[in-house]
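The structure under discussion appears below in the form of C-alpha cells.
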Amino acid sequence: MSQIYVPGLRREELCLVRKARRLPVKGRALVERGERVSHDRVVARAEIEGAEFVVDVYDELHFLMPVLDQYIFQRSNLLKDVGDAVERDEVIAERRAWGLFRTSCTSPVKGRIERIDIPEGPRPTSALMRIRTPPVILEVDAYIPGVVAEVLPGEGAVIETAAAFIQGTFGIGPETSGRLAVAPSAPGGVLRAAEVGEEYAGKVVVAGSSVELGTLRRAVAVGARAIVSGGVEEGALVGFLGERPAIITGREEAGLTLIATEGLGRLAMLEKTFRLLRKFEGEMAFVNGATQMRAGVVRPEIIVPRGDIDVAEHRLLRPEGDKGLPRGVDLGDRVRIIREPHFGAMGTVVGLPQALRTLESEVEAMVLEVETEEGFRLTVPRANTEVIE
Amino acid sequence: MFRRVAERFRENVLGVGLGGATTNVYSIYRGKYLATLSANLGMSYSIYNVLREIEAGRITRWLPFRVEEEALCNSIHNKATHPTTIPQTIEDLLIEHAVAREAIRLGLQEHMTLASPLRGAVSETGLIGAGFTASEAPASYIDMKEVDWICGTGGLLSHAPRRAQSALILIDSFQPEGVTKLAQDSIFMMPHLGVISTVHPDAALEIFERDCLVRLGTCVTFAGAMDEDREAGRLEGELPGGEPFDADIRGGAMMRIPLDPGDRATLRIEPRKGVDVGKEPGRRLETVVEGGEVGIIIDARGRPLEPPGDEEERIGRLLDWLQALEAYPRGHRDGMRDAVGPGGTE
C-alpha cells in the first residue's frame, strides 16, 4: 500500500523534553552534569571584548606650536592613567596656558584606559589614549527547570525534564513563563478585552478560538506573560505588532508571547490540546512563540514540567523531538484538516483510496476519506491533513 | 536553460522560475543575459512574504469573487505555516494564482531595475544617466515589444491543472506587448536540465525540446489606453489548411483561437488609431504565429493592465477573461458566476 507520511504537531501529556541551551559565541558553561537547575539559572556565559576608541589627546589639546613652554606637551597634561575607569564625557586631559586659558579633552565612551602612547623624548609631538569600552556579557539561562543532562563545553548545556509538551502552529514573542490560567471563554469562544483582568498578571492565559486586538493590548497592560489561543485574526496580529509578522518569529518585543495552536483565523482549539492545558491549570508553563518554516522547522511550544515524575524515570520517556518511525496514515487514525474548505475539522480516517482523485480545483491528488465528529464524510487531499498523535 | 532557449532560437527571452521559497527572473535580451533572485518571494514557504510586500488589494484585484481581506490574509498565512497543502477548491486555486501574479510582478519589477543601462556609461548620445536622480534613472533596456518568448517554470506553473491558467498568469504578470510566444516547463524539470546542460548540452537541449518545453501558444496584445467595449481593431487570417477567420476585437476583451502545437497561422491585424499591436500605434501588422496547448491568445485589455477597481465590475471582467480562455472549471460558490469555463466538476 502506498503511503504518505503526514506529520502532526506534538501534544503529549508526558514526555522527555530536552533543550540544548547554547551561547551564540564561544564562552563558558557554568553548570555540571547531573545538576538540578531552575528555569532562570544561567547555564553559560560569554564575554565579548568591548570596542577600542583612540583619542588623539595631543591634537585635541591643540599643541600646534611646540615653541613656547606652554605649548609643549607634558605627561602631566593627562588626568588619567592606564587602568583608570572613565565615564563618557569625563575630562581625561587638559592644558592650561598662563593660568588663564584652559583646553580639555573628554572621553567619548565609558570604559577603561587600556594604553597611552607617547613617543620618548623631551618634546613629544603626539599622545594617544586608547580606551576600551566594558565587555558585553552574554548569558543563556536554562529556560526550563530540570537536570543538566549534558554539558556542551564552551557553549552551554542540555537540560532535561519530564513534561507535558504541546506544539502550536504559529507564534510570536520570545521565551517566557507563568502559571497557566484558563479563560472562561475557552476553548470555543473569543477572549474579549473585558475578560482580561488583573488576575492574569504574570500568567500564561489559555484563550478560546481567537483573541481580538484589544485583548492583546489589555493582556500587555495587566502584565500577562503569554496567550495561548486556537487562532488569531491576521488583522489583530498586524495591529498588535504594527506590521505583518515575519516568516521567522520569536524576536518580537510586543510585551507578550502569543501562540496560535491551530492557525490564523477563528479556530477552536483542538480538544486534546485544551484538555491538556486545562489539566495543568495553575502549574508553571514555559512557552516560546518562535516559529520558522524554512531551513529547519521550528514550532511554538508550551512546556509544563511534571514535578510529580521522578528524574530517574526520565530515561524511560519518549523524547519530545522523537516522533517515532515515520508511518503512513492508516484507517482509524484521527486527523485534522489544515486547509480550506474544512480547515480545523477533526475526524477519523475511514477510507484510503489508492488512485489519484481529481479535486474540485482539478488538481490531481491522493486523498483520504474522513468521517468528521459531526458525522459528515469528507474526501480531502492527504496533504491537507495532519495526524493527531 | 532559458539561456539555451535564447541561443537555440536566437531570440529575446524573458523567463521566471516561480518556486516555493524564491522567485527568479531571467532575461536574455539582444544577447545580454541577466538573472535576478527575489529570495523572499515564493508560493509556499514564502507566500506570506508576498503579502508583506504589497497591500492585500493587489491580490484581490485578480479574484473573480468577493473575499473578505481578513479571510484572504488568514488563508495566505495558513498556507505559509502548512506549505505542503494543496488547493482543493477553485477559490483556493484562484487565490494561489492571484498571489503568483503578484510574486512574478514584484520579481520582474526588481529585474527591470537591474536591466538598465549603466549610469555614467558613454553612449553615442552622451553620458547615460548623467544628471539623473535615482527616481529618474534610465528605464530598462528591455522593450516588451521586442521580447519574443516568455517562459515559466516552478511547481505552481508546471502543476496548474489547465495550461490556460499558466498562460494567463504569465500574461497578467509580464504584460507582454506586440506578438509574444508563451512556453512553460512541463513537469518542473527545467532546473535539473540546466545542471545537465553544463556537462551534456546537446542531450539537455534535446530533452528540453521534447519533454520539457510546453508551447502554450502566442499572445497578440493590443496595447495602449483601451476604451472598454469600443472596437480595438480587426483581425483576419488563415489557419492551417487555408481556413480563413476574422473577428472584430473589442477593447478590454480577451479571445482564444485554438491552434495546435506545431501549427502556424497567418494574421493580419488592423488596430484602430492609437492602439499598438507591435509596430507603432495604429499601424497594421501582418505576421505568422505559432500554436500551442492554449492557442492564439488575443489580449485587448490594453497596457498597463489594471483590472477595474469597482468590485462588481472587476468580477464581471475577470470572469469574462477566464471564460474566454476556458481557464477554470465551473464555480458554484458565492459571488462566482455559474460558468467560468466548460468541463468543471460539480
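If I go through the stretch B:140-188 residue by residue, how many of them are under 25 Å from residue B:10 (Cβ atoms) and not in a helix (DSSP H, G or I)?
Total meeting the criteria: 23.
Does the stretch A:344-374 hold any residues that are open to solvent by 40 Å² or more (accessible area, probe 1.4 Å), away from chain B (no Cβ under 14 Å) and assigned to a loop (DSSP other than H, G, I, E, B), and which are they?
Within the stretch A:344-374, A:354, A:355, A:373, A:374 qualify.
For the structure I just gave you, tell me whether residue A:273 is at pLDDT below 95, of a type in the set (Ser, Thr, Tyr) and either open to solvent by 40 Å² or more (accessible area, probe 1.4 Å) or touching a strand residue (DSSP E or B) at 6+ places or on another chain (Cβ under 6 Å) (or both).
yes
State all residues of the stretch A:112-141 that are more than 42 Å from the chain's Cα centre (by Cα), aliphatic (A, V, I, L, M) and assigned to a strand (DSSP E or B); if no residue qualifies, say none.
Selection gives A:116, A:128.
Name the single residue that is nearest to residue A:259 (Cα to Cα) among those in the stretch A:143-157 being part of a strand (DSSP E or B) and open to solvent by 10 Å² or more (accessible area, probe 1.4 Å).
Only one residue fits best here, namely A:147.
Give me a count of the residues in the stretch B:240-267 that are surrounded by 20 or more Cβ atoms within 10 Å (Cβ to Cβ) and either over 24 Å from residue B:303 (Cα atoms) or β-branched (Val, Ile, Thr) (or both).
Counting residues in the stretch B:240-267 that are surrounded by 20 or more Cβ atoms within 10 Å (Cβ to Cβ) and either over 24 Å from residue B:303 (Cα atoms) or β-branched (Val, Ile, Thr) (or both) gives 4.
The conditions are (1) in contact with a helix residue (DSSP H, G or I) (Cβ under 6 Å, 6 or more places away or on another chain); (2) farther than 23 Å from residue A:10 by Cα; (3) within 14 Å of chain B (Cβ to nearest Cβ); (4) open to solvent by less than 30 Å² (accessible area, probe 1.4 Å), and residue A:261 fails exactly one of them. Which is it?
(2)
Of all strands (runs of 3 or more DSSP E) completely enclosed by the stretch A:179-298, which ones contain at least 2 residues that are under 18 Å from the mean Cα position of the chain (by Cα), more than 30 Å from residue B:21 (Cβ to Cβ) and touching a residue at least 60 places away in the same chain (Cβ under 8 Å)?
Fully inside the stretch A:179-298 and qualifying: A:284-288.
I'm trying to understand the selection: among the residues of the stretch B:79-100, which are in contact (Cβ under 8 Å) with a residue 60 or more places away in the chain, of a type in the set (A, V, I, L, M) and facing chain A (nearest Cβ under 7 Å)?
Once the filter is applied, which keeps residues that are in contact (Cβ under 8 Å) with a residue 60 or more places away in the chain, of a type in the set (A, V, I, L, M) and facing chain A (nearest Cβ under 7 Å), the stretch B:79-100 yields B:90, B:93.
Being open to solvent by less than 10 Å² (accessible area, probe 1.4 Å) and modelled with pLDDT of 95 or more: is that true of residue B:341 here?
no
Among the listed residues B:203, B:183, B:225, identify the single one that is touching a residue at least 40 places away in the same chain (Cβ under 8 Å), farther than 23 Å from residue B:23 by Cβ and of a type in the set (A, V, I, L, M, F, W, C).
So the residue among B:203, B:183, B:225 that is touching a residue at least 40 places away in the same chain (Cβ under 8 Å), farther than 23 Å from residue B:23 by Cβ and of a type in the set (A, V, I, L, M, F, W, C) is B:225.
Within the stretch B:316-329, restricting attention to residues that are more than 14 Å from every other protein chain (Cβ to nearest Cβ) and among the hydrophobic types (A, V, I, L, M, F, W, C), which residue is most open to solvent (accessible area, probe 1.4 Å)?
Taking the candidates together, the pick is B:324.
When both residues are 6+ apart or on different chains and their Cβ atoms are under 6 Å apart, which pairs have a first residue that lies in the stretch B:49-72 and is within 13 Å of chain A (Cβ to nearest Cβ) and open to solvent by 20 Å² or more (accessible area, probe 1.4 Å), and a second that is of a type in the set (A, V, I, L, M, F, W, C) and not in a loop (DSSP other than H, G, I, E, B)?
Cβ pairs passing all conditions: B:53/B:106.
Picking from A:192, A:225, A:179, A:266, which residue would you name as being among the basic types (Lys, Arg) and either open to solvent by less than 10 Å² (accessible area, probe 1.4 Å) or within 14 Å of chain B (Cβ to nearest Cβ) (or both)?
When all the criteria are applied, what remains is A:266.
Of the residues that sit in the stretch B:268-315 and are in a strand (DSSP E or B) and free of Cβ contacts under 8 Å to residues at least 40 places away in the same chain, which one is least open to solvent (accessible area, probe 1.4 Å)?
The residue in question is B:268.
Is it the case that some residue within the stretch B:4-11 is open to solvent by 20 Å² or more (accessible area, probe 1.4 Å), assigned to a helix (DSSP H, G or I) and at the interface with another protein chain (Cβ under 9 Å from one of its Cβ atoms)?
Taking every residue of the stretch B:4-11 in turn, none turns out to be open to solvent by 20 Å² or more (accessible area, probe 1.4 Å), assigned to a helix (DSSP H, G or I) and at the interface with another protein chain (Cβ under 9 Å from one of its Cβ atoms).
Which members of the stretch A:230-255 meet the condition of being more than 12 Å from every other protein chain (Cβ to nearest Cβ) and crowded, with 21+ Cβ neighbours inside 10 Å?
The answer is A:230, A:240, A:252.
So residue A:377 ticks every box in (1) more than 9 Å from every other protein chain (Cβ to nearest Cβ); (2) out of contact with any helix residue (DSSP H, G or I) (no Cβ under 7 Å at 6 or more places or on another chain); (3) open to solvent by less than 10 Å² (accessible area, probe 1.4 Å); (4) not polar (S, T, N, Q) but one. Which box is left unticked?
(3)
Which condition does residue B:76 not pass, out of (1) within 17 Å of residue A:265 (Cβ to Cβ); (2) more than 10 Å from every other protein chain (Cβ to nearest Cβ); (3) among the β-branched types (Val, Ile, Thr), if it passes all the others?
(2)
For the stretch A:89-111, which residues satisfy the criterion of being in a strand (DSSP E or B) and over 18 Å from residue A:75 (Cα atoms)?
A:101, A:111, listed by residue number.
The values are calculated or read from the model by the stated rules, or taken from the named source; none is laboratory data. The structure presented is a predicted model; accordingly, all values stated were derived computationally and were not measured. When we count neighbours, we look across all protein chains shown, and the Cβ atoms used for this are built from the backbone with ideal geometry, even at glycine. Accessible surface areas use protein heavy atoms only, side chains included; no ligands, DNA or RNA. Shrake-Rupley method; radii C 1.70, N 1.55, O 1.52, S 1.80 Å.
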